[in-house]
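Taken together, the values in this text are just the output of simple stated rules run on the coordinates, not laboratory data. This structure is a prediction, so every number in the text was calculated from the model and none was measured. Note that each Cβ is placed from the backbone with ideal geometry, even for glycine, and that neighbours are counted across all protein chains shown.
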There are 4 protein chains.
Amino acid sequence: MINGERRIPRPLRWGMVGGGRTGQVGYKHRTGALRDGTYRLVAGAFDLDAARGRDFGVNLGVEASRCYATYQELIAGEAGREDGVEVVSVATPNFTHYEITRALLEAGFHVICEKPLFFTVAECDEIAALAASKNLIVGVTYGFTGHPMVHQMAAMVARGMLGEIRLVDMAYTHGFNAGDDTGAPEAVVWRTNPRTAGPTFVLGDIGTHLYYLSEVVLPHLKVEKLLCDRKAFIPSRAPLEDHATVLMHYDNGARARLWVSSVDAGNMGSQRYRFTGSKASVAWSDSHPDQIVYQVQGEPERILHHGMPYLEEESLAADRMGALHTEGLGDSWANIYLWIAQAIAAADAGDRAFLETHHYPGIHAGTEGVRWLENCVRSADSGAAWVDFE
Amino acid sequence: MINGERRIPRPLRWGMVGGGRTGQVGYKHRTGALRDGTYRLVAGAFDLDAARGRDFGVNLGVEASRCYATYQELIAGEAGREDGVEVVSVATPNFTHYEITRALLEAGFHVICEKPLFFTVAECDEIAALAASKNLIVGVTYGFTGHPMVHQMAAMVARGMLGEIRLVDMAYTHGFNAGDDTGAPEAVVWRTNPRTAGPTFVLGDIGTHLYYLSEVVLPHLKVEKLLCDRKAFIPSRAPLEDHATVLMHYDNGARARLWVSSVDAGNMGSQRYRFTGSKASVAWSDSHPDQIVYQVQGEPERILHHGMPYLEEESLAADRMGALHTEGLGDSWANIYLWIAQAIAAADAGDRAFLETHHYPGIHAGTEGVRWLENCVRSADSGAAWVDFE
Amino acid sequence: MINGERRIPRPLRWGMVGGGRTGQVGYKHRTGALRDGTYRLVAGAFDLDAARGRDFGVNLGVEASRCYATYQELIAGEAGREDGVEVVSVATPNFTHYEITRALLEAGFHVICEKPLFFTVAECDEIAALAASKNLIVGVTYGFTGHPMVHQMAAMVARGMLGEIRLVDMAYTHGFNAGDDTGAPEAVVWRTNPRTAGPTFVLGDIGTHLYYLSEVVLPHLKVEKLLCDRKAFIPSRAPLEDHATVLMHYDNGARARLWVSSVDAGNMGSQRYRFTGSKASVAWSDSHPDQIVYQVQGEPERILHHGMPYLEEESLAADRMGALHTEGLGDSWANIYLWIAQAIAAADAGDRAFLETHHYPGIHAGTEGVRWLENCVRSADSGAAWVDFE
Amino acid sequence: MINGERRIPRPLRWGMVGGGRTGQVGYKHRTGALRDGTYRLVAGAFDLDAARGRDFGVNLGVEASRCYATYQELIAGEAGREDGVEVVSVATPNFTHYEITRALLEAGFHVICEKPLFFTVAECDEIAALAASKNLIVGVTYGFTGHPMVHQMAAMVARGMLGEIRLVDMAYTHGFNAGDDTGAPEAVVWRTNPRTAGPTFVLGDIGTHLYYLSEVVLPHLKVEKLLCDRKAFIPSRAPLEDHATVLMHYDNGARARLWVSSVDAGNMGSQRYRFTGSKASVAWSDSHPDQIVYQVQGEPERILHHGMPYLEEESLAADRMGALHTEGLGDSWANIYLWIAQAIAAADAGDRAFLETHHYPGIHAGTEGVRWLENCVRSADSGAAWVDFE
């Protein structure tokens, strides 16, 4: 159970690029990073509007002189300081992730970046090599995988409680883009333009969450073949998609289906997962993240609640509020930020043994998400045909 | 609202082939047929074990002399009687549907047959022609489509309350065949053998329910292309499948996905449907059949309950118990049996006008189900490839 | 499992008083009675409007000559016939139950009567003695207690699976009378007038269902003390109540609370029950009658589904549709009517041994409901004070 | 929407008494206080075990020299410092609240105290006078009332969307004390002893949450009469209670019932609230805090989700994560801590106008909770009799 005691030797000096007042994503980073005393926010380039960004940063408690106009200025201003930032989060549109991450790494900072990480696997590989060469960590904010019940599912799979995995069913659909984009906010505009969003819209924006979570729960399975059928119901979004279905065959013979959509009008269910084995299934939704449904064929359905002593240790270790007290998405982000901080501290201390077994969403996870997107696009652009997963 | 008053001039004299003591399906037919005074059970060939069948029939109130050993004897015994059966239900394994239905029609009886109707569309077309030539009705027991809330969804779609249909999501999965078939009951044995089940297992056994219900709700849409990925997780079931995923493209550009499985260990949710339009969605499950969820993008979710005055007239017309009082699958079957009886009475009276607008699952619905199965198999056997719907 | 085979030697000849076209209750009786071949509807006095009642009865398949204008005519017409009715259901307003039941019993008919049975325990006792003296059965249509999962709960309590019972929580609330009664239908008018409804409105109309079900589940407990706080939020309903809370102390120290209301605006949950013991709880609602929630302290919550082999035999014996196939209120009524028919057949056959152990809602259950109402009213009229249960 | 920008001029220097490593409550305070940059934890007397408390505090980032052995030492050490604490949270057993709060106030610190506040209304009144005389704030951690949907309900009531309030139904029950207290943890031991817990167990421990939330939603109603029936199912807890039912009459004629229990074996539902007016109802549970059910009689049920534009401004103002992203109990605590901080800043600035309209759980709310407990005990000790609310 996590009670806010610090798990690393001292707080990390932390900065942000993006995440300013006009967007929603920045608060998720901050509420995740700041509740445990693990990070201290000391610098930022929060906003394209420099004055607004400075005003905002000051309101967050950052010194005005360390509220920079651009990420380049942030690097210039912080790189030389004794008390300069050590790790910087990148909460900007997709097309800037690669260049900002590269610049930050080159300046010697650890990086925590939004997903989808970059546009291509080649970029990911290059960044991975750069980070490795400089002993730096790149964390990726797959923010839903800090929930304790996700790790309960993973532990149950690992211990064979489901039997051999056969079926994987995943969906992340909503309807907030059911209408056309006339007058849409900036966050929609850049996400639906290939220049700024990259090769996908909903596949990258929400589908990568599904795919990463499935990797957390099923680390032993590999995708062999994949089919992706995508479509823009709002034509202006083409060639990007606002709806996609992906079918996957795993190397053990299991079958998966995955659905992402931002035109599923009225759906407030967010993400839903179901993992079915030869003996039993588990199901979870981020909209009620504190419970899983565990169904053994031929037995009563079971609902397992977070924080209860009957859970696996991996789940209890990630618990913050205790049974009966609800956890929210912020608690999940707090775990992600904590686990990344532990990786950073270990890298700084040269503790390779720790890093080899420590679980957190890093450059590998980010790369696999981009690889999955590349395969999806290759299938979709071949007429929604089956492709071997490369 | 249905209160048991007879909707046809007089009760129909009814017989059954199959549906005896050792199976579960016969009671569904009887509880559907017998609660309104629409049918009177007067004859049957209930069981392959003639003595057991007679004992059973007598316990149901059928005269011993009209409890026959075979369907041939039933035809022989009833065809000449003044008070002989007028309509016969066929509740036997799939491979017998065609021959029994043909024989019954040739003997001049209306027929009510289990799904999947026959093995091929060619058989369906032949039977349709035979029935038409003799002015006889063939009803098909798609027993889930009598629920009032199914017709609520259809009425809402028809009135444009969802906007243009974009997404269809359907699933019927359970785990009762998650284990292998060692010692399996007869009902599983014949369903997993292509000789007795026909070209499919779960696609025909449960998938046709999904497809027919989608036709009821979306009568204006046609499938253009289809992809079916099927698999037998229990190898002895091959070439039939215990799991299948079907993707479909409709002629208006809508996308559908459909999932059927009998190896979804522990799942007790049965059927789930979601129809999404450009403005709103509706969702229904047969496990809580008295309600639908109606979600207009940007508005609170709404739960609509059966029997309430705010519903569309088509739903209220099919209601039996009234608001707050639960309806079950038997009530749905009762509606199906009633609607088929009304078709029979109209056919007998030569009322073509009634038949042209009267909604019930007849030979056309049965044929379309078989056509859908043929397309699924063609796709699956081509490596789960896209095929044009023929 | 019930499959429609007859459980009694021959069908009972059945008549109805009330239950005509303009009300909802009659269909519940008929759909319950007619699906198993246990009863045959042969006579009725269905309606205060004799012509409408005859037209209605004929539509139900009753001979016009046996559609009577009044219950007195029904008695006169049927009493002398060789093929006259044997059992008559009384589905009329409360104030007529006593006189009609008495007249029917005196004429030698078994009776099945709506609840609340009569106005006073004294009337109940008189009728019980009359029925006993003539070897006749009086059944009471507590129509919700035929659900298999109710008997699952009773079996679990009996087998000690909950431990010692401590807490009972029951509610039956809806909002259909949230507005005033201007222009209310006849069914509301008579229920809110003490002359026609008796000493209570919602306590008798819906509260007796709660109390009887608690007796079914907890037959070993006796109420020692009771407090009833009732109120008419719509003043015209006073001195009757449209809302009441009842607290009860049982002889083992358990505590119960019970809530009935017809002004709980918008509530569509109908009935909810929770029985808590020292080890575990069970909960059930008639709005999803096919499942119970079983909660053992310190273990995952369990949801038990009807028709599954893991259930107790008492539940499976009452099952009609099988697992995954929903049962509705009509199935529950069918069980109640079946169990009463078995009592009638046993009484006719002089089988006292059967009657001693056979479970069905009879005159005792009806009497206990009226006794509970008398205690509630006594408490309420004493300023919602505690009273010893008498 | 709250995005972590500071709402007060500068962070408050904050200390804690209690809330150390061995309990669960401290983290709730810290995760609530620390995510917005509103408070900085600079001192504490975290633990009765001074060494453990110091080790713990250091791990939280507090200087070792400001980790005190007792609250007296904390006061002595901090009172004279330029940078000493300004506000101190009291997260200790009930019997210490009064003396610690009084000492802190006398030393000139603002106080944030756990509930139930003190043992008697007299103590509350004395402390209120003391705080007022020194221009200090006393906040009370009714930690569930920061959820945005609580304020949605309050706004809907205030705007008449429910009509005149008639019925209030509240429950907070769990089963964690279903067994006896052999080997129980310290947190149970002190809660079940009147010397350390005060005059109640579950009424104070969890019932005050219900009562305060009802005051937030229904500020215009006053309790006129009350009846409390309490019991210790585990005899060693007497005279305190592990179960209680409270009935209340409001001054507008509304009726309330409230249920608290820690022996409701297996219940994981935590708190449930339902407020019913003449037109509609709203219902909320802290176990799924992001939604309310809004039921207008005669219309479809509506589910309202947090963060959606259709909500009332009071709800949106308290939102942190945005629609589709779950909020947890920590987010609610963060709001409570923020609102108390705003009161403190206003008090320090002498901004009486702000304080007059600013909503937060202060000394008045704490006092009313204790008053309610006194009335409950008076009723319970009079044989669960009705008492006028004093």
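Looking at the protein assembly as shown only, what percent of DSSP beta bridges run antiparallel? Nearest 5 please. So the antiparallel bridges amount to about 60 percent of the total. Taking Cα centre as origin and charging only the Cβ of basic (Lys, Arg, +1) and acidic (Asp, Glu, -1) residues, the dipole magnitude of chain B rounds to 280 debye.
Shape verdict for the range D:1-154, please, from the Cα gyration tensor: rounded (a/c under 1.5), prolate (a/b greater than b/c) or oblate. Please list the in-between numbers first.
Working: a/c = 1.38, a/b = 1.11, b/c = 1.24.
Taking the square roots of the gyration eigenvalues as a ≥ b ≥ c, the range D:1-154 is rounded.
The charge dipole of the range A:1-47, taken about its Cα centre with unit charges on the Cβ of Lys, Arg, Asp and Glu (plus for the first two, minus for the last two), comes to roughly 100 debye.
Report the Cα centroid-to-centroid distance between the range A:60-87 and the range A:318-390 in angstrom, as an integer. Rounded to whole Å, the Cα centres lie 27 Å apart. Once the C-beta distance of B:Ala349 and B:Ser236 is scaled by a Förster radius of 60 Å, the resulting FRET efficiency is 0.75 to the nearest 0.05. Quick check: from the Cα gyration tensor, does the range C:214-288 come out rounded (a/c under 1.5), prolate or oblate? Verdict is oblate for the range C:214-288.
If you take the beta carbon distance between B:Arg6 and C:Glu224 as r and set R0 to 56 Å, what does 1/(1 + (r/R0)^6) give as a FRET efficiency, to the nearest 0.05? Using R0 = 56 Å, I get an efficiency of 0.60. Remark: C:Lys225, B:Lys28, D:Lys231, B:Lys134 ranked as B:Lys134, C:Lys225, D:Lys231, B:Lys28, counting other beta-carbon atoms within 10 Å and listing the fewest first.
Peptide D:258-265 shows a mean partner chain C-beta count of 5 within 10 Å per residue C-beta.
Within the range A:95-115, what residues put their amide N at less than 15 Å from the label point 7 Å along the Cα-to-Cβ vector of A:Phe176? Label zone hits: A:115. Looking at chain A, the DSSP beta bridges with both ends there are about 60 percent antiparallel. For chain C, the relative contact order comes to 20 percent (Cα pairs under 8 Å, sequence separation of at least 6). Working note: Karplus 6.51/-1.76/1.60 with θ = phi - 60° gives the range D:318-335 the couplings 9, 7, 10, 9, x, 3, 6, 9, 5, 9, x, 4, x, 5, 5, 4, 4, 5 Hz, where Gly and Pro are set to x.
Summing Cβ point charges (Lys, Arg +1; Asp, Glu -1) relative to the Cα centre of the range D:217-260 gives a dipole of roughly 40 debye. So what does log10 I(q)/I(0) come out to for the range C:35-98 at q = 0.12, 0.23, 0.28 Å⁻¹, using the Debye formula with one equal point on every Cα and no solvent? Computed log10 I(q)/I(0) values: -0.29, -1.03, -1.32. Across the identical copies, the label point of A:His364 (7 Å from Cα in the Cβ direction) is separated from its matches by 5.8, 5.9, 7.0 nm, in order from shortest. Here C:Lys134 yields copy-to-copy label distances, from shortest upward, of 5.2, 8.4, 9.9 nm, the label point defined as 7 Å from Cα along Cα to C-beta.
At an R0 of 41 angstrom, the distance between the Cβ atoms of B:Ala122 and A:Asp251 translates into a FRET efficiency of 0.50. The ranking of D:Val85, D:Val188 from fewest to most other beta carbons within 10 Å of each one's beta carbon is D:Val188, D:Val85. Distance from the alpha carbon centroid of the range D:175-205 to that of the range C:173-214 works out to 43 angstrom.
For C:Phe233, A:Phe275, A:Phe389, the sequence from fewest to most other C-beta atoms within 10 Å is A:Phe389, C:Phe233, A:Phe275. Would you mind checking the pairs C:Lys225/D:Lys225; C:Lys28/C:Lys115; D:Lys231/D:Lys279; A:Lys115/B:Lys279; A:Lys115/A:Lys222; D:Lys115/D:Lys222 and listing those with alpha carbons more than 24 angstrom apart? With Cα atoms farther than 24 Å apart: D:Lys231/D:Lys279; A:Lys115/B:Lys279. When the range A:169-223 is described by a simple charge dipole with +1 on each Lys and Arg Cβ and -1 on each Asp and Glu Cβ, the residue from A:Ala178, A:Gly207, A:Leu221 located farthest towards its positive end is A:Leu221.
Defining the label point at 7 Å along Cα→Cβ, can you sort the distances from B:Glu73 to the same site in each other copy, shortest first, in nm? Here the equivalent label points are 4.8, 9.7, 9.7 nm apart from this one.
Computed from the C-alpha gyration tensor, the three semi-axes of the ellipsoid equivalent to the range D:226-359 are 30, 24, 18 Å, from longest to shortest.
Note on chain C: helix-only mean residue ellipticity at 222 nm, from DSSP H runs of 4+ residues weighted -39500 (n - 2.57) and normalised by residue number, equals -10000 deg cm²/dmol.
Restricting the calculation to Cα atoms, the protein assembly as shown shows an Rg/Rh of 0.99 when the hydrodynamic-style radius is the Kirkwood one. Here the spin labels are modelled as points 7 Å beyond Cα on the Cα-Cβ line, and at A:Ala79 and D:Glu73 they lie 4.8 nm apart. The residue in chain B that lies nearest, by its beta carbon, to the axis linking chain B with chain C is given here with the distance in whole angstrom as B:Gly328, 1.
Counting, for every residue in B:275-282, the Cβ atoms of other protein chains within 10 Å of its Cβ and taking the mean gives 5.
The slack in the chain from C:Ser65 to C:Arg159, taken as 0.36 nm per residue of separation less the alpha-carbon distance, amounts to 28.6 nm.
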